[in-house]
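Asker: Handing you this structure, nothing more for now.
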Amino acid sequence: MRLDKFLKISRIIKRRTVAKEVADKGRIQVNGKLAKSSTDVKIGDELRIQFGNKVLVIAIEELHESTKKEDAAKMYRIISETRVENNGN
């Protein structure tokens, strides 16, 4: 499954265009490697996603072509969620 599609279906990022933008700006790593929106992801992969001043690390648990809102969170397991201090201010 494409990375941008996984992020949308799992509802980590609400819109696929936003997921594509985040990936193409180099803010997502899959298993420690920089990923593009078209990168294939599979069960067991570890994603590191940087949202502004937050870094989310998750493991992919399930892949579905579509899912209900209440089942979306079952697609991944949060490993860590950390805030990044912005020292530029």
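Asker: When the Karplus curve 6.51 cos²θ - 1.76 cosθ + 1.60 is applied with θ = phi - 60°, which whole-Hz ³J(HN,Hα) does each residue of the stretch 8-13 get, with x for Gly and Pro?
Answerer: 6, 5, 6, 6, 5, 10
Asker: List the aspartates and glutamates whose Cα sits under 16 Å from the Cα of Lys36, skipping any in the same chain fewer than 8 residues away.
Answerer: Qualifying aspartates and glutamates at Cα under 16 Å: Asp4, Glu21, Asp24, Asp45, Glu46.
Asker: Among all the lysines, which ones have a C-alpha under 22 Å from Lys33's C-alpha, if same-chain residues fewer than 8 places away are not counted?
Answerer: Lys5, Lys8, Lys20, Lys25, Lys42, Lys54
Asker: Report, by chain and number, residues whose modeled amide H sits under 5 Å from the one on Ser37, excluding near sequence neighbours (fewer than 5 apart, same chain).
Answerer: Asp24
Asker: Quick check for me: using +1 on Lys/Arg Cβ and -1 on Asp/Glu Cβ, what's the dipole size of the chain about its Cα centre, in debye to the nearest 20?
Answerer: For this selection, approximately 300 debye.
Asker: Right, next: Carbon-plus-sulfur fraction of the accessible area of the chain, 1.4 Å probe, in percent?
Answerer: 46
Asker: Straight-line reach from Lys68: which aspartates and glutamates fall under 16 Å, measuring Cα to Cα and dropping same-chain residues less than 8 apart?
Answerer: Filter leaves no residues.
Asker: What are the ³J(HN,Hα) couplings of the stretch 37-49, residue after residue, when phi is run through the Karplus curve with 6.51, -1.76, 1.60 and θ = phi - 60°? Round to Hz, x for glycine and proline.
Answerer: 5, 8, 4, 7, 10, 9, 4, x, 5, 10, 10, 10, 10
Asker: Right, another one. Over the Cα atoms of the chain, each weighted equally, I'd like the Debye log10 I(q)/I(0) at q = 0.11, 0.17, 0.21, 0.24 Å⁻¹, rounded to two decimals.
Answerer: Listed by q, the Debye log ratios stand at -0.27, -0.65, -0.98, -1.28.
Asker: What value, in deg cm²/dmol to 500, does the helix sum -39500 (n - 2.57) over DSSP H runs of n ≥ 4 give at 222 nm once divided by the residues of the chain? Display every interim value, and only then the final one.
Answerer: Details: 3 runs with 20 residues, N = 89.
Taken over the chain, the calculation gives -5500 deg cm²/dmol.
The values are calculated or read from the model by the stated rules, or taken from the named source; none is laboratory data. What you see is a predicted model, and the numbers here were worked out from it, not measured in a lab. Backbone-built Cβ (ideal geometry, glycine too); neighbour counts: all protein chains shown. With ligands, DNA and RNA removed, areas are computed over all heavy atoms of the protein, side chains included. Shrake-Rupley method; radii C 1.70, N 1.55, O 1.52, S 1.80 Å.
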